[in-house]
Amino acid sequence: MAWIVVLLLIAGTGRYFGGARAVVMGPAYLAGGLLWLLLAWRGVEGLISGRRVADFMDLPVFLFLGYSFWAVLRAPCEFFGRLEWLEASVYGAVFLTVRHQLPGRKMIPWVLGWLLLVAAMNEVYGFLHFRQAIYPIGPVSVFGWEVEDRADYAERMSGLFGCPNHFGNYLVQAGLAGLTLVIWPGLFWPARMLAGWLVAAFGVGVFYSISRGSFLAWVASHGAWFLRWLKRGSLNWLGRVILLMAAIGGLSGAIYWGMGEASIMKRWSAVLGKGVGWERVFSGEGDFRLRLAQDGLMIWQRAPWLGNGPGSFDLEHLRVSTWAHGSRTIYTHNDYINTLVDYGAVGGGLVALFWIFLAVFLWNRGRTREAGSKADACTGLGWALMVAMLLHALVDFNFHIPATAISCFFLLGLSTAVSWPERREAMARVFNLGVVFLALLLAGWTGWQGWRTWAGRVLPMKEAALAKLSVVELEEKAIKAEKWDPQSPVMAMALGDAYRLKLFEVYFSAPPLAPEAREKRRKDINHLAEVSAHWYLEAGKRSPKDDIPGVRRASVLDLQGKFDEAEDLYLRGLEMRPHSQFIRISYGNHLWRKGDLEGAKREFEKAIATPGLHRPGDGVDPSVEAREMLEKVKEQIAKGGTKRQSSKLNPRED
């Protein structure tokens, strides 16, 4: 049962946007709770047999989950902190399940083959949409996952993932799994040849993802695996030299081939900008990640020991006034800094403890296991995976993407797995009682929090789907959302958006002639506006550092003619996020609705002048909207009119 759950998690997250969607992670939280429950049963089996189920390698996992549980209480938004904790709980459950539920190492080629199958399916899908900027992913009808377009990443390959960087990391991990099968003792030769061919194919996929971090991780991790194998393999010195030269030649040929690809070289050359020395580094695309890292370190210094709470970087960074790129970044592109910002030095120390324990475990296993054995092959996989993930973590956030994180802890679990005959009897009762108690505690809390998070997500997020819901349906869904998850700002915002859409329908419709109908229309407008404003206010309470609910509420107050109250909300938003083009454009809309065309013109000009990049992935420049609105306002000023904005011009959130 436990292995079925793990394999389904690998398939589900690898099949749909890397698992970075609520429709995927909702069931995944419940799966994590089930894995903890099954681990508790494993502890009971250990009590009966007298063999120890856990060891000191597991200690950092339990320590971090306990610390992060407390950290959620300090998070700027309980809901987003809860999501971070639930994901960490799932990853920990996968790691410990694979470590302690493995019947024997004969099973390892089969489960590694499953990961290779999922990765190969991703790459095939990438080649089916080769160099296609936008293409559909989904549907997965059996789970009710709808079709969704991949964001515009131009020619970069990302398969079934939303982002090429995480797709590249996934293929790096799959390549290491394939190398392990190539040298697996006693494996059927055709299976070894297929695994070797897939390793080469995954390398091609990494190249076409044009992910610089993935490429560096691929070179470093595969190189580390290869050098370790050369050292411990049965080849003589001549064979080692020949293979080493062949590997260097193959890598050189791949680089030469990549240099001939214009799309690949364009992205690599963009790392460095113009100027001399360090000026080139800070004027190229690499500046984006460096600035993010600097901002992250600045935010971390506000709470250096305990951190700001999980899920805090996004909300804190939106208010950093020196951020000149104009785009929202939910994480820094550096998982070390993400950890420090959220959990502080204490949390970072616990994470470091895990990797230190892992390194000691792998060193000891490599020292005590015979070269060329199955355990030794798993040890090599663990070392190479450490190199890949710790290197790539410097420039990306793969530990915050379910598919890459789950595959990582799955492979690390296999690398450190302890078969039943290898289990010790010393202190078995103490260890097993601890495992049973902690696993049951985590099973209950993960299951309950996962269920309420999933069950409370009752509304679609897309505007078109929200607009189709009737007022009666919205009232029913609001009751259900409040019942299961009264702390979710996401659902409160969705309800506010839904009622605002209904308000727009009535407000911008042609006024009826009959007095009774006009009175009914007025009451409907007031009711919809009040309910929408209520939900935006509620969203602001649930996530106090998110300034968007206040701006959305202000747009509703505008339609009620409460311009003074709305103005305070707009100005407060601009004070907190002076670099936000969305808030600046929204404030221009407010002045337009008031009839202050000159003021609206000034705000739209400021929005256009605000430094900003295209939104990551979809290539949409918010200043385009500002220019469109500015032209409309200029036309009205030239005509001498004071006609207010139409319903068709409402800014998208940046």
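Pick from V204, V271: which is at pLDDT 85 or above and either surrounded by fewer than 16 Cβ atoms within 10 Å (Cβ to Cβ) or in a helix (DSSP H, G or I) (or both)?
Criteria check complete, one pass: V204.
Could you check L315 against (1) aliphatic (A, V, I, L, M); (2) in a helix (DSSP H, G or I); (3) over 17 Å from F80 (Cβ atoms) and say which number it fails?
(3)
Search segment 7-57 for residues being charged (D, E, K, R), in contact (Cβ under 8 Å) with a residue 24 or more places away in the chain and in a helix (DSSP H, G or I), and hand back the single one that is farthest from F357 (Cα to Cα).
Taking the candidates together, the pick is R15.
Each row is one residue, and each column tells you yes or no for (1) part of a loop (DSSP other than H, G, I, E, B); (2) in contact with a strand residue (DSSP E or B) (Cβ under 6 Å, 6 or more places away or on another chain); (3) closer than 29 Å to L35 by Cβ.
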residue	(1), (2), (3)
V111	no, no, yes
L116	no, no, yes
M121	no, no, yes
V124	no, no, no
R131	yes, no, no
I134	yes, yes, no
E155	yes, no, no
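Test R156 against the criterion of being outside the structural domain of W305 (by TED's automatic domain parsing), within 21 Å of A405 (Cβ to Cβ), basic (K, R) and under 19 Å from the mean Cα position of the chain (by Cα), and give yes or no.
no
Looking at the structure I just gave you, is K562 modelled with pLDDT of 90 or more, farther than 17 Å from R500 by Cα and basic (K, R)?
No, not satisfied.
Out of the residues in segment 557-589 that are assigned to a helix (DSSP H, G or I) and touching a residue at least 60 places away in the same chain (Cβ under 8 Å), which is surrounded by the fewest Cβ atoms within 10 Å (Cβ to Cβ)?
Among those that are assigned to a helix (DSSP H, G or I) and touching a residue at least 60 places away in the same chain (Cβ under 8 Å), it is M576.
Given the conditions (1) in contact with a Leu (Cβ under 9 Å, 6 or more places away or on another chain); (2) assigned to a loop (DSSP other than H, G, I, E, B); (3) closer than 19 Å to W85 by Cβ, report the number of the one that I330 does not fulfil.
The failed condition is (1).
Would you say P109 is over 17 Å from L306 (Cβ atoms), at pLDDT below 95 and not β-branched (V, I, T)?
no
Which of the residues belonging to segment 94-109 are surrounded by 17 or more Cβ atoms within 10 Å (Cβ to Cβ) and either assigned to a loop (DSSP other than H, G, I, E, B) or among the hydrophobic types (A, V, I, L, M, F, W, C) (or both)?
V94, F95, L96, V98, Q101, L102, I108
If a residue must be over 30 Å from G66 (Cα atoms) and modelled with pLDDT of 95 or more, how many such residues does segment 82-106 contain?
Counting residues in segment 82-106 that are over 30 Å from G66 (Cα atoms) and modelled with pLDDT of 95 or more gives 0.
Run W363 past the list (1) surrounded by fewer than 16 Cβ atoms within 10 Å (Cβ to Cβ); (2) touching a His at 6+ places or on another chain (Cβ under 6 Å) and report the number of the one that doesn't hold.
(2)
Name the residue, out of G32, G66, that is at pLDDT 95 or above and within 24 Å of S543 (Cα to Cα).
It is G66.
Scan segment 436-445 and tell me whether some residue there is crowded, with 20+ Cβ neighbours inside 10 Å, assigned to a helix (DSSP H, G or I), in the same structural domain as I330 (by TED's automatic domain parsing) and out of contact with any strand residue (DSSP E or B) (no Cβ under 9 Å at 6 or more places or on another chain).
No - not one qualifying residue is present in segment 436-445.
Only one residue in W535, W592 is modelled with pLDDT of 95 or more, aromatic (F, W, Y) and either buried (at least 24 other Cβ atoms within 10 Å of the Cβ) or in a helix (DSSP H, G or I) (or both). Which one?
W535
Working only within segment 508-548, note down all residues that are basic (K, R) and over 30 Å from the mean Cα position of the chain (by Cα).
Residues satisfying the conditions are R518, K520, R521, R522, K523.
Between a first residue in segment 160-176 that is assigned to a helix (DSSP H, G or I) and a second residue that is crowded, with 24+ Cβ neighbours inside 10 Å and among the charged types (D, E, K, R), which pairs have beta carbons less than 9 Å apart while being 6 or more apart in sequence or on different chains?
N165/D396; H166/D396; F167/E123; N169/D396; L171/E123; A174/E123
When you go through L501, L495, L442 one by one, which is the residue that is in contact (Cβ under 8 Å) with a residue 60 or more places away in the chain and within 32 Å of the chain's Cα centre (by Cα)?
L442
Against the condition of a type in the set (D, E), at pLDDT 95 or above and over 30 Å from G104 (Cβ atoms), how does D314 come out, does it pass?
The answer is no for D314.
So if I check each of Q487, Q449, which one is outside any helix (DSSP H, G or I) and either on the phi > 0 side of the Ramachandran plot or polar (S, T, N, Q) (or both)?
Every option except Q487 fails the conditions.
Of the numbered conditions (1) over 18 Å from K502 (Cα atoms); (2) free of Cβ contacts under 8 Å to residues at least 60 places away in the same chain; (3) among the small types (G, A, S); (4) out of contact with any Gly (no Cβ under 7 Å at 6 or more places or on another chain), A481 satisfies every one except a single condition; which is it?
Among (1) over 18 Å from K502 (Cα atoms); (2) free of Cβ contacts under 8 Å to residues at least 60 places away in the same chain; (3) among the small types (G, A, S); (4) out of contact with any Gly (no Cβ under 7 Å at 6 or more places or on another chain), the lone unmet condition for A481 is (4).
Which of the residues that make up segment 612-654 are within 21 Å of L318 (Cβ to Cβ) and at pLDDT 70 or above?
The answer is S623, E625, A626.
So which residues in segment 410-428 are more than 15 Å from L171 (Cα to Cα), assigned to a helix (DSSP H, G or I) and not hydroxyl-bearing (S, T, Y), if there are any at all?
Of everything in segment 410-428, those that are more than 15 Å from L171 (Cα to Cα), assigned to a helix (DSSP H, G or I) and not hydroxyl-bearing (S, T, Y) turn out to be L412, G413, L414, W420, P421, E422, A428.
In the same structural domain as A388 (by TED's automatic domain parsing), modelled with pLDDT under 95 and small (G, A, S): is that true of G186 in this structure?
Answer is yes for this residue.
Which one of these is on the phi < 0 side of the Ramachandran plot, part of a helix (DSSP H, G or I), surrounded by 19 or more Cβ atoms within 10 Å (Cβ to Cβ) and of a type in the set (A, V, I, L, M): M298, M386?
M386
Scan segment 177-201 residue by residue and report those that are under 23 Å from M386 (Cβ atoms), in a helix (DSSP H, G or I) and not aliphatic (A, V, I, L, M).
G178, T180, G196
Select from segment 285-334 the residues that are among the small types (G, A, S) and closer than 20 Å to V346 by Cα and write down the one among them that is nearest to the chain's Cα centre (by Cα).
G311
The values are calculated or read from the model by the stated rules, or taken from the named source; none is laboratory data. The model shown is predicted, which means the values in this text are computed figures rather than measured ones. A quick note on method: Cβ atoms are made from the backbone with ideal geometry, for glycine too, and the neighbour counts reach across all protein chains shown.
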